[in-house]
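A.B. asks: This is the structure, below, for whatever I ask next.
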Amino acid sequence: DTKNPGRPEQTPSSMLNLIIIVLRLLARLPLSCLRAAGHGLGWSLWHLARKRRRVVAVNLQKCMPELSESEREALAYRHFVVFGQSVLDRAWLWHAPEALVRQRLRWVGDQQALKQPGPLVMFAPHFVGLEAGGMAVALHVPGPVAFIFVGQSNPAVEALVRQGRER
């Protein structure tokens with residue numbers, strides 16, 4: 001490889017395997033460690049992803065004009081932190097033993113609709129909580145469950161995400 005002398009070129013499958021290994025290692029960490037690392041990831045994204053930060057600021061201004069600029073900025077920052085934590089949650093959601101996943105998931109709110117016979121359509125916000133919410137539904141609802149997600153543009157990432165979600 002002339003671009004990186006002395007370094008073998010990584011194929012998508014070898015990169016995917018490396019990501020899976022990292023996720024499996026992270027899945028073994030206590031949740032408090034993952035939360036701290038996720039906070040750091042969110043903090044980094046807040047500072048590095050300026051374009052995304054501007055998109056969030058505009059969306060919050062349009063959706064919540066009653067909030068002050070500082071309140072919207074605090075909300076946006078909190079979103080980046082929670083997003084960073086949710087990214088690392090995929091490690092234990094996709095690779096930890098089922099007993100640990102069940103122990104960490106918490107149900108909040110009315111669950112009566114989940115227990116009713118017949119089909120149920122649920123809508124969930126994207127980015128944060130979607131993976132944990134989907135896993136909780138799949139573990140607690142008797143009968144078949146199906147989810148609709150937008151596919152990833154990178155085929156290797158799509159394979160990783162699909163493997164985790166189909167667990």
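The values are calculated or read from the model by the stated rules, or taken from the named source; none is laboratory data. On a predicted model such as this, the values are computed, not experimentally measured, just so you know. Here the Cβ positions follow ideal geometry from the backbone for every residue, glycine too, while neighbour counts run over all protein chains shown. Heavy atoms of the whole protein, side chains included, go into the accessibility calculation; ligands, DNA and RNA do not. Shrake-Rupley method; radii C 1.70, N 1.55, O 1.52, S 1.80 Å.
A.B. asks: I want to check the label-to-label distance for Arg52 and Leu18. Put each point 7 Å from Cα in the C-beta direction and report it in nm to one decimal.
C.D. replies: 2.0 nm
A.B. asks: How far is it, in nm, from the label point at Asn59 to the one at Leu25 when both lie 7 Å from their Cα along the line to the Cβ?
C.D. replies: Using points 7 Å along Cα→Cβ, the separation is 3.2 nm.
A.B. asks: Once phi is turned into θ = phi - 60°, what whole-Hz ³J(HN,Hα) does the Karplus curve with 6.51, -1.76 and 1.60 give for every residue of the stretch 95-102, x standing for Gly and Pro?
C.D. replies: The phi angles translate into 10, 7, x, 4, 4, 5, 4, 4 Hz.
A.B. asks: What does the accessible area per residue of the chain come to in Å², with a 1.4 Å probe and no ligands, DNA or RNA counted?
C.D. replies: That works out to 71 Å² per residue.
A.B. asks: Sticking with this one: Run the quick spin-label model on Ser32 and Val150: label points 7 Å from Cα toward the beta carbon, then report their separation in nm to one decimal.
C.D. replies: 3.7 nm
A.B. asks: Sort Met135, Met15 from largest to smallest accessible area, using a 1.4 Å probe on the heavy atoms of the protein chains.
C.D. replies: Met15, Met135
A.B. asks: Tell me, what is the 1.4 Å probe accessible area of His39, in Å² to the nearest 10?
C.D. replies: Accessible area of His39: about 80 Å².
A.B. asks: Taking a probe of 1.4 angstrom, what is the accessible area of Trp46 in Å², to the nearest 10?
C.D. replies: 30 Å²
A.B. asks: For Glu66 and Met122 in one chain, what is 0.36 nm times their gap in residues minus the Cα-Cα distance, to one decimal in nm? The partial results should precede the final answer.
C.D. replies: Numbers: separation 56, 0.36 × 56 = 20.16 nm, distance 2.85 nm.
Extra length from Glu66 to Met122 when fully extended: 17.3 nm.
A.B. asks: For the chain, build the charge dipole from Cβ charges (+1 Lys, Arg; -1 Asp, Glu) around the Cα centre, then report which of Leu120, Val22, Val150 sits farthest towards its positive end.
C.D. replies: Positive-most Cα among the choices belongs to Val22.
A.B. asks: Roughly to the nearest percent, how much of the accessible area of the chain is carbon and sulfur, given a 1.4 Å probe?
C.D. replies: Its accessible area is 61 percent carbon and sulfur atoms.
A.B. asks: What FRET efficiency, computed as 1/(1 + (r/R0)^6) with R0 = 30 Å and r the Cβ-Cβ distance, is obtained for Trp43 and Gln111, rounded to the nearest 0.05? Intermediate results must be reported in sequence, preceding the final value.
C.D. replies: Details: r = 34 Å, r/R0 = 1.13.
Working from the Cβ atoms, E equals 0.30.
A.B. asks: In Å, what Rg and Dmax follow from the Cα atoms of the stretch 61-167?
C.D. replies: When restricted to Cα atoms, the stretch 61-167 yields Rg and Dmax of 16.3, 46 Å.
A.B. asks: Which sequence of Asp110, Asp89 reflects their accessible areas, 1.4 Å probe, from the largest down? The partial results should precede the final answer.
C.D. replies: Working: Asp110 130, Asp89 20 Å².
Ranking Asp110, Asp89 by accessible area, largest first, yields Asp110, Asp89.
A.B. asks: Using only the heavy atoms of the protein chains and a 1.4 Å probe, how would Cys63, Cys33 rank by accessible area, largest first?
C.D. replies: Accessible-area ranking of Cys63, Cys33, largest first: Cys63, Cys33.
A.B. asks: In whole angstrom, note down how far apart the Cα centers of the stretch 87-147 and the stretch 20-83 are.
C.D. replies: Taking the Cα centre of each part, the stretch 87-147 and the stretch 20-83 sit 21 Å apart.
A.B. asks: Taking the Cα centre as origin and putting +1 on Lys and Arg beta-carbons and -1 on Asp and Glu beta-carbons, what dipole magnitude results for the stretch 48-159, to the nearest 20 debye?
C.D. replies: 260 debye
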